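Asker: Have a look at the structure that comes next, please.
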Amino acid sequence: MCIRDRNKYGSELLIDVVELKYVKRFLAESAVHTLTYYDITFVTEGEGSFSIDNRTYQAVPGDVFFSKPGEVRNWDTGRIVNGYALIFEDDFLSSFFKDPLFVQHLPFFKMEKTASGLHLPDELYKRMLQLLHDIKVEIDQYRQDDVHVLRAYLYEALMLLNRAYQNLISMEEGNKEAGGTHISKFIELVGADMREHHSVRHYADKLCITPNYLNEIINSAMGMSAKQYIQNKVMEEAKRLLAYTDFPVSEIAFELHFSTVSYFVRCFRQCTGETPLVYRSMHKPVSYTHLRAHE
């Protein structure tokens with residue numbers, strides 16, 4: 001897909017800034033497209049989905065997205081109202097720096113990049129918009145063979161975004177490390193407190209994190225919510241009590257801090273497909289029953 005005339009300034013210029021509302025004209029028939037150049041898209045108005053290859057993001061003002069040649073993009077042109085696309089070809093910088101891989105080495109353009117999107121802090125967002133304005137003004141006043149100011153602007157933009165992106169990577173790596181610690185502590189706490197405490201908030205408060213974050217890291221690691229993990233552990237304990245003790249169902253419900261016996265029976269049936277009494281009759285070890293009868 002090409003959304004610009006490389007020679008519209010009188011000679012070939014390998015950099016441009018275009019508004020998204022202008023880009024939309026070229027996406028009327030199909031929003032799915034593949035670029036032949038590097039694209040950094042800044043969202044300034046509206047909210048909607050923005051997909052790059054197999055990753056989809058919910059874009060909001062202040063978001064920036066990085067695309068390299070060959071990647072498949074698709075974005076909600078109806079809900080993302082406007083923004084800017086800073087587009088360029090690697091020759092524009094690599095020939096100047098004598099490094100043919102300069103652009104490819106930027107973390108947001110690497111093949112194994114962590115993410116294709118980034119939300120900019122307010123101060124950086126304003127600075128980037130000013131840089132885009134300066135680039136656009138310089139392009140509009142472009143004089144043939146005078147591209148050094150444009151290269152300087154583009155280099156500044158890339159380095160500022162590189163710093164923000166590296167900070168994102170550092171934060172994610174730190175979160176993963178902290179998340180691993182939280183997960184192991186969560187498992188330990190559930191093992192100790194599950195009889196009395198069934199709420200996600202109880203464990204999140206113990207870990208000094210939000211319930212949403214706890215759910216996020218548990219789901220990422222285990223493929224289930226923190227609530228589901230807690231419920232599974234409570235039901236495992238209920239099964240153990242049913243199979244290896246003679247406690248009445250009402251006492252087990254009380255022991256596991258269910259508000260009512262009927263609520264315990266309903267939860268147990270939803271989890272196992274059986275009532276507590278049916279489960280006990282099917283799973284209570286014969287040897288155990290025999291020993292209890294002769295005590």
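Asker: May I ask which residue of Gly180, Leu124, Ser49 lies farthest towards the positive end of the charge dipole of the chain, with charges of +1 (Lys, Arg) and -1 (Asp, Glu) on Cβ and the Cα centre as origin?
Answerer: After comparing all options, I get Gly180.
Asker: Could you check the simple spin-label distance between Lys126 and Ala152, using points 7 Å along Cα→Cβ, in nm with one decimal?
Answerer: 2.4 nm
Asker: Computed over the Cα atoms, what is the radius of gyration of segment 83-159 divided by 2.2 N^0.38 Å, N being its residue count?
Answerer: Working: Rg = 13.5 Å, N = 77, 2.2 N^0.38 = 11.5 Å.
Relative to the rule-of-thumb radius for its length, segment 83-159 sits at 1.18.
Asker: Run the dipole for the chain about the Cα centre, Lys and Arg Cβ at +1, Asp and Glu Cβ at -1, nothing else charged, and hand back the magnitude in debye, nearest 20. Spell out each step's value before the answer.
Answerer: Working: 33 positive and 40 negative charges, 195 e Å.
Once rounded to the nearest 20, the dipole reads 940 debye.
Asker: Here's something else I'd like to know. Hey, in the GNM for the chain with a 10 angstrom Cα cutoff, which one of Thr245, Thr41, Thr56 fluctuates hardest?
Answerer: Top of the fluctuation ranking is Thr245.
Asker: State the three equivalent ellipsoid semi-axes of the chain, derived from the C-alpha gyration tensor as the square roots of 5 times its eigenvalues, in descending order and whole Å. Could you put the intermediate results ahead of the total?
Answerer: Details: eigenvalues 729, 69, 50 Å².
Output for the chain: semi-axes of 60, 19, 16 Å.
Asker: Okay, moving on. Once the whole set of protein chains is in place, how much accessible area is left on Arg269, using a 1.4 Å probe, in Å² to the nearest 10?
Answerer: In the full protein context, Arg269 sits at about 140 Å².
Asker: Another question about this same structure. Solvent-accessible area of Ser225, probe 1.4 Å, all protein chains present, reported in Å² to the nearest ten, please.
Answerer: It works out to around 40 Å².
Asker: If you don't mind, another one. Please calculate how many Å² of accessible area the chain carries per residue, with a 1.4 Å probe and no DNA, RNA or ligand atoms counted.
Answerer: Values: 16020 Å² over 295 residues.
Solvent-accessible surface per residue comes out at 54 Å².
Asker: Determine the sum of side-chain charges near His198: Lys and Arg each +1, Asp and Glu each -1, restricted to other residues whose C-beta is under 12 angstrom from that of His198. Could the numbers behind the result be given before it?
Answerer: Numbers: positive: Arg195, Arg201, Lys227, Lys233; negative: Asp193, Glu196, Glu237.
That sum, taken over residues with Cβ under 12 Å, equals +1.
Asker: Taking the full set of protein chains and a 1.4 angstrom probe, give the accessible area of His283 in square angstrom, rounded to the nearest 10.
Answerer: Ignoring ligands and nucleic acids, His283 comes out at about 80 Å².
Asker: On the accessible surface of segment 166-267, probed at 1.4 Å, how many percent belong to carbon and sulfur atoms?
Answerer: Values: 3040 of 5810 Å².
Carbon and sulfur: 52 percent of the exposed surface of segment 166-267.
Asker: Right, next: Order Lys227, Lys110, Lys24 by their accessible area, 1.4 angstrom probe, all chains in place, largest first. Don't skip to the answer; put the middle values down first.
Answerer: Numbers: Lys227 105, Lys110 75, Lys24 50 Å².
Largest to smallest exposure gives the sequence Lys227, Lys110, Lys24.
Asker: Choose one answer from Leu120, Leu242, Leu132: the residue with the largest mean-square fluctuation in a GNM of the chain with alpha-carbon springs under 10 Å.
Answerer: Leu242
The values are calculated or read from the model by the stated rules, or taken from the named source; none is laboratory data. Computed from a prediction, not measured in an experiment: that's the story for all the values here. Because the Cβ atoms are built from the backbone with ideal geometry, glycine has one as well, and the counts that use them run over all protein chains shown. Calculation scope for accessible area: heavy atoms of the full protein, side chains included, ligands and nucleic acids excluded. Shrake-Rupley method; radii C 1.70, N 1.55, O 1.52, S 1.80 Å.
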